[in-house]
Amino acid sequence: DAGVTQSPTHLIKTRGQQVTLRCSPKSGHDTVSWYQQALGQGPQFIFQYYEEEERQRGNFPDRFSGHQFPNYSSELNVNALLLGDSALYLCASSLIFDAGPSTDTQYFGPGTRLTVL
Amino acid sequence: AQSVTQPDIHITVSEGASLELRCNYSYGATPYLFWYVQSPGQGLQLLLKYFSGDTLVQGIKGFEAEFKRSQSSFNLRKPSVHWSDAAEYFCAVAPGGGADGLTFGKGTHLIIQP
């Protein structure tokens, strides 16, 4: 059973560029959340997608956008990159209506390390 | 809005000694509470969670946590640590359910002394 996968592992961009990160959820999951983790900090919630719609959003500017595909995979797009966008970007998947032991649990991928120069 | 405070940035414990990591949350009602562990260069792994019921919850790797409503705390404990427990530990809260966006603390870095 494959867990949450993310690509690429590492990415280097320059200020002003745009970047797309990808996430495949754990098998059977229908919800994908994205988090930004700056160095030495806890993860911060960016947004969550369910049924191809943004379900929840944290306190991030519109430069951060996303998409969910019919197979539940997801992309995170960041436009007009700033130096402060350098971070580990984590994807987490969950099942909205799970009556089993995994209910209300998010499973995290290994992350994509983004460096903005 | 909810918030999580982990007062200890670093904790050093000798191998075999007991461990307690502190977590305090701010939220009007009883939230969903989680502890995650992150090893260097890795994603987050769930150790345990509390939703309701018994206030002492057991998790993986011998960890447990106790929810204390009166203190708004959810401290993580382990009776005897192993060198492999060295990692970053994060407490997190979700107000409406664990599938909602999580609010994390800043983490506690655990160092194990031989």
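All of the numbers you see were taken from the coordinates with simple rules; none came from a lab. Just so it is clear, the structure is predicted and the values come from calculations on it, not from any experiment. Please note: Cβ atoms are built from the backbone with ideal geometry, for glycine as well, and neighbour counts cover all protein chains shown.
Summary of computed values
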{"quantity": "Relative contact order (%) - chain B, alpha-carbon pairs under 8 angstrom, separation at least six", "calculated": "38"}
{"quantity": "Volume per residue of the C-alpha convex hull in the stretch B:21-114, rounded to whole Å³", "calculated": "101"}
{"quantity": "Within the stretch A:15-74, GluC sites (Glu not before Pro) in DSSP loop having at most 13 other beta-carbon neighbours inside 10 Å", "calculated": "A:51, A:52"}
{"quantity": "Orientation-averaged projected area, Cα convex hull of the stretch A:8-117 (nm²)", "calculated": "6.7"}
{"quantity": "Within straight-line cross-link reach of residue B:106, aspartates and glutamates at Cα separation under 15 Å, skipping those fewer than 8 residues along the same chain", "calculated": "B:8, B:88"}
{"quantity": "Label zone at residue B:83 (point 7 Å along Cα-to-Cβ), backbone N below 12 Å, the stretch B:8-27", "calculated": "B:15-16"}
{"quantity": "Gap separating the Cα centres of the stretch A:16-60 and the stretch B:21-46, nearest whole Å", "calculated": "17"}
{"quantity": "Mean separation of Cα contacts under 8 Å, 6 or more apart, over the residue count of chain A: relative contact order %", "calculated": "35"}
{"quantity": "Fewest-first ranking of A:30, B:100, using other Cβ atoms within 10 Å as the exposure measure", "calculated": "A:30, B:100"}
{"quantity": "Separation of the residue A:20 and residue A:63 label points, Cα + 7 Å toward Cβ, nm", "calculated": "2.0"}
{"quantity": "Averaged over B:38-48, number of beta-carbon atoms from partner chains that fall within 10 Å", "calculated": "5"}
